[in-house]
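Peer 1: The structure's right below; bear with me while I get my questions together.
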Amino acid sequence: MRQGQWARRLVVAAMGASLIVVAGCSSDSTANTETATTAMSSSANSDPNPTTRAADSTPADNASAKTRIRVPDAFTAVAVRPLSDPTFPFKGSDGKYHVAYDLELTNASALPATVEKLDVVDASSPTTVIDSYQGLRLVDPDCQLGDCSRLRLLPQRPAASNVIPPQESRVLFIDFAFDSADQAPSAVLHHLYASAAENPGSQTPVAVEYLAAPFDISAGTPRVIGPPVKGDRWVAVNGCCLPGFPHRTSMATFNGMIINSQRFAIDWKQLNEAGAFYEGDKTKNESYVDYGSDIIAVADGTISSAVDKLDANAPGVLPANDPVLGPQITVETVDGNHIVQDIGNGAYAFYAHLQRGSLLVKPGDTVKKGQVIAKLGNTGNANVSHMHFHLMNGPSVLGSDGMPYVLDSFDYDGQLPQDVLVAADDYMTGSNFLDDKLATPEPRTDELPMSLAIVDFPG
């Protein structure tokens, strides 16, 4: 079994979306700005010896950090633009402060472009490299899970090479982390190293490098919410942030956009005390530990939309992989029975794959944090019971960008071994999923459980 094959079974494919934000700044040299960052480029019409002035990083200016960065005129064969809304660091259960977003690289020239490296740099100090993507981190045909194969064909299939043919685009999944929140700059730039056209009339690719795509990573703070389930031994399957797991790389094309509402989504799946996901007949939904569990509201809010009409799937079969069921999937049914909740301040909670007939709310209802709103099921594009959850910046499951968030309180109980998960069958058979469980759970506050974290929700 190839690594990553299992991870694509328990999913979702929740048809969420993100508003495309083109983060490049105006090239109008007469524009009035208080601070400037000069781009580096080997193109003939750019300054080979740039100078840099530090961007103002006071809290009052953080919201406009990107707009205060200047990138001067230069021919750039490969256009770079973010496919994510401006974002911000969030603390994960690994103790680090994470940033995750997606870039689109478009070769707008008549020559092939080879991406050698892309560095994420501090926008106020472009020689300060925050993270670097090259080699196997860009393209690795033998790796599907882990820190690899981040360069993708649109919208998400791994690229076979780092060459972008003329007039084609690629997606590059970006995520990095800091040891503390104050280490993160207000904004970043992207330093591209490539072999590409040097100018519009180039006949042969040459080595080029330049800065592009200012991106604001100080656009707010994580929304603090409660857990969507309760009880012990819940596993954050398909969580943030490495490529290969379905949510992180679930770019899709909807509503005229390339979008990813699932960037920070989690498939919550529960184990029993023996470390198994089901007891008894694995072909029955009722045998699974989490089936029928209460789904609870993560915050006060109002129900925006709800679907409650789909029957349960038979365990062990992912509808998308079935020749009969696959063609029947639509944008309305892919998430199964689900609820969208407006929790205020531009954030919407999304609960998916719910049991038919279990929804206790309807559009327009107001709910309180901790209120039971439905029961966990196995509907839509899912092979076993689980509860898909994420936050997004709009009410449309198709047209909203995924938002970082943290849970107010939980007990961290270790990690589910990735190799054990990958080796599991379509029914998630196994009894050693708790091999890396901690002897004593660790109380945590205001963190996001990272991928395969095992957590308890007391009370």
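The values are calculated or read from the model by the stated rules, or taken from the named source; none is laboratory data. Remember, it's a predicted structure, so these values are computed and weren't measured experimentally. Positions of Cβ are generated from backbone atoms using ideal geometry, with glycine treated the same way; all protein chains shown enter the neighbour counts.
Peer 1: Would you point out which residue out of V188, V206 is surrounded by fewer than 20 Cβ atoms within 10 Å (Cβ to Cβ), of a type in the set (A, V, I, L, M, F, W, C) and either modelled with pLDDT under 95 or in contact with an Asp or Glu (Cβ under 8 Å, 6 or more places away or on another chain) (or both)?
Peer 2: On inspection, the qualifying residue turns out to be V206.
Peer 1: Starting from the stretch 184-196, keep only residues that are farther than 15 Å from A79 by Cβ, then list their pairs with residues that are of a type in the set (F, W, Y) whose Cβ atoms are within a distance under 6 Å, requiring at least 6 positions of separation or different chains.
Peer 2: Correct list of pairs: A184/F178; V188/F215.
Peer 1: With H353, H390, H386 as the choices, which residue is under 28 Å from F176 (Cβ atoms) and crowded, with 17+ Cβ neighbours inside 10 Å?
Peer 2: The conditions single out H390.
Peer 1: How many residues are of a type in the set (A, V, I, L, M), under 24 Å from D294 (Cα atoms) and not in a loop (DSSP other than H, G, I, E, B) when one looks only at the stretch 404-459?
Peer 2: Residues that pass the stated criteria total 6.
Peer 1: Tally up the residues in the stretch 385-403 that are out of contact with any Asp or Glu (no Cβ under 8 Å at 6 or more places or on another chain) and in a loop (DSSP other than H, G, I, E, B), please.
Peer 2: 4
Peer 1: Among K369, K362, K375, which is in a strand (DSSP E or B) and of a type in the set (K, R)?
Peer 2: K375
Peer 1: Just checking, does the stretch 237-253 include any residue being over 23 Å from D85 (Cα atoms), not aromatic (F, W, Y) and not in a loop (DSSP other than H, G, I, E, B)? Steps first, please.
Peer 2: Applying the first criterion (over 23 Å from D85 (Cα atoms)) to the stretch 237-253 yields 237.
Filter once more, keeping what is not aromatic (F, W, Y): 237.
Now drop any that are not not in a loop (DSSP other than H, G, I, E, B), which leaves 237.
Checked the stretch 237-253: at least one residue is over 23 Å from D85 (Cα atoms), not aromatic (F, W, Y) and not in a loop (DSSP other than H, G, I, E, B).
Peer 1: Does V406 satisfy the condition of being touching a Pro at 6+ places or on another chain (Cβ under 6 Å) and either closer than 28 Å to D102 by Cα or charged (D, E, K, R) (or both)?
Peer 2: Considered against the rule, which asks whether it is touching a Pro at 6+ places or on another chain (Cβ under 6 Å) and either closer than 28 Å to D102 by Cα or charged (D, E, K, R) (or both), V406 comes out as yes.
Peer 1: Ok, one more. Looking at (1) at pLDDT below 95; (2) surrounded by 22 or more Cβ atoms within 10 Å (Cβ to Cβ), which one does A197 not meet, given that it meets all the others?
Peer 2: (1)
Peer 1: From the set of residues in the stretch 140-171 that are within 17 Å of C240 (Cα to Cα) and small (G, A, S), which is surrounded by the most Cβ atoms within 10 Å (Cβ to Cβ)?
Peer 2: Restricting to residues being within 17 Å of C240 (Cα to Cα) and small (G, A, S), the top hit is S149.
Peer 1: Within the stretch 72-95, is even one residue assigned to a loop (DSSP other than H, G, I, E, B), modelled with pLDDT under 85, of a type outside the set (S, T, N, Q) and assigned by TED's automatic domain parsing to the domain that holds L189?
Peer 2: Within the stretch 72-95, one or more residues are assigned to a loop (DSSP other than H, G, I, E, B), modelled with pLDDT under 85, of a type outside the set (S, T, N, Q) and assigned by TED's automatic domain parsing to the domain that holds L189.
Peer 1: For the stretch 112-124, what are the residues that are over 18 Å from H98 (Cα atoms) and out of contact with any Pro (no Cβ under 8 Å at 6 or more places or on another chain)?
Peer 2: Applying the first criterion (over 18 Å from H98 (Cα atoms)) to the stretch 112-124 yields 112-118, 124.
Hits for the stretch 112-124 are V115, E116, K117, L118.
Peer 1: If a residue has to be touching a residue at least 40 places away in the same chain (Cβ under 8 Å) and either assigned to a strand (DSSP E or B) or not hydrophobic (A, V, I, L, M, F, W, C) (or both) to count, how many in the stretch 262-281 make the cut?
Peer 2: 10
Peer 1: Any idea which residue in the stretch 244-270 is farthest from the chain's Cα centre (by Cα), counting only those that are closer than 22 Å to V289 by Cβ and surrounded by fewer than 24 Cβ atoms within 10 Å (Cβ to Cβ)?
Peer 2: The selected residue is Q270.
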